[in-house]
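The values are calculated or read from the model by the stated rules, or taken from the named source; none is laboratory data. What you are looking at is a predicted structure, and each value in this text was computed from that prediction instead of being measured. Every residue, glycine among them, receives a Cβ derived from its backbone with ideal geometry; neighbour counts consider all protein chains shown. We work out accessible area using only protein heavy atoms, side chains counted, and drop any ligands, DNA or RNA first. Shrake-Rupley method; radii C 1.70, N 1.55, O 1.52, S 1.80 Å.
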2 protein chains.
Amino acid sequence: MTDFQVEVRVTPRRGILDPQGSAVRGALRSLGFAGVGEVHVGRLIVFPVEAESEDAAAERVEAMCRQLLANPVTEDFDVRVTAPAAA
Amino acid sequence: MTDFQVEVRVTPRRGILDPQGSAVRGALRSLGFAGVGEVHVGRLIVFPVEAESEDAAAERVEAMCRQLLANPVTEDFDVRVTAPAAA
């Protein structure tokens, strides 16, 4: 078993209202930052996970996303195995 | 002026307590996912911004981070200009 470093990106599904993104955009505008387009705010979850291989690591983390890390109704997720974690 | 797509990663500073990460790790363990190391939960903020150049875009977004997007006491941020946004 090897430790793999994984990165999960959870983002609001396109087309679904993103009130946090709208609030950030409005706040940036109030601060004088013009020229900012539609803002999307998601979560970035990073951790090491033990697995037999990179593929097995990705598969386990996808199961974690479906069960806990993402809301399947409103969010999309993307799993990246970035590297074998340092021993 | 060109639209650049930017990605901001805001993460809890190493060494500072990350209660959300600990909660996620505990919940994964309760669900039967063993072999998960320390979990860090951050934010991923994605938007297009108008600027003269890639460097100018990164500089403006760093100013946004210092003023609004990140908490300088407890969080680190990382700005990536991923591409000129599609016209």
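Things to note:
- Those residues of the range A:36-58 which are open to solvent by 30 Å² or more (accessible area, probe 1.4 Å), within 7 Å of chain B (Cβ to nearest Cβ) and farther than 19 Å from residue B:24 by Cα, in sequence order: A:38
- Candidate set: the range B:62-77, residues that are within 12 Å of the chain's Cα centre (by Cα) and surrounded by 14 or more Cβ atoms within 10 Å (Cβ to Cβ); chosen: the one nearest to residue A:23 (Cα to Cα): B:69
- Number of the condition not met by residue B:58 [criteria: (1) small (Gly, Ala, Ser); (2) at pLDDT 95 or above; (3) within 17 Å of residue A:64 (Cα to Cα)]: (3)
- Scanning the range A:1-40 for residues that are within 30 Å of residue B:32 (Cβ to Cβ) and part of a strand (DSSP E or B) yields A:2, A:3, A:4, A:5, A:6, A:7, A:8, A:9, A:10, A:11, A:12.
- Residue list for the range B:26-35, filter: open to solvent by less than 80 Å² (accessible area, probe 1.4 Å) and either charged (D, E, K, R) or more than 7 Å from chain A (Cβ to nearest Cβ) (or both): B:26, B:32, B:34
- Among the numbered conditions (1) surrounded by 18 or more Cβ atoms within 10 Å (Cβ to Cβ); (2) closer than 26 Å to residue B:4 by Cα, the only one that residue A:82 does not meet is (1).
- Restricting attention to the range A:8-25, the residues that are basic (Lys, Arg), within 15 Å of the chain's Cα centre (by Cα) and at the interface with another protein chain (Cβ under 8 Å from one of its Cβ atoms) total 1.
- Boolean, residue B:60 is within 17 Å of residue A:11 (Cβ to Cβ) and not in a loop (DSSP other than H, G, I, E, B): no
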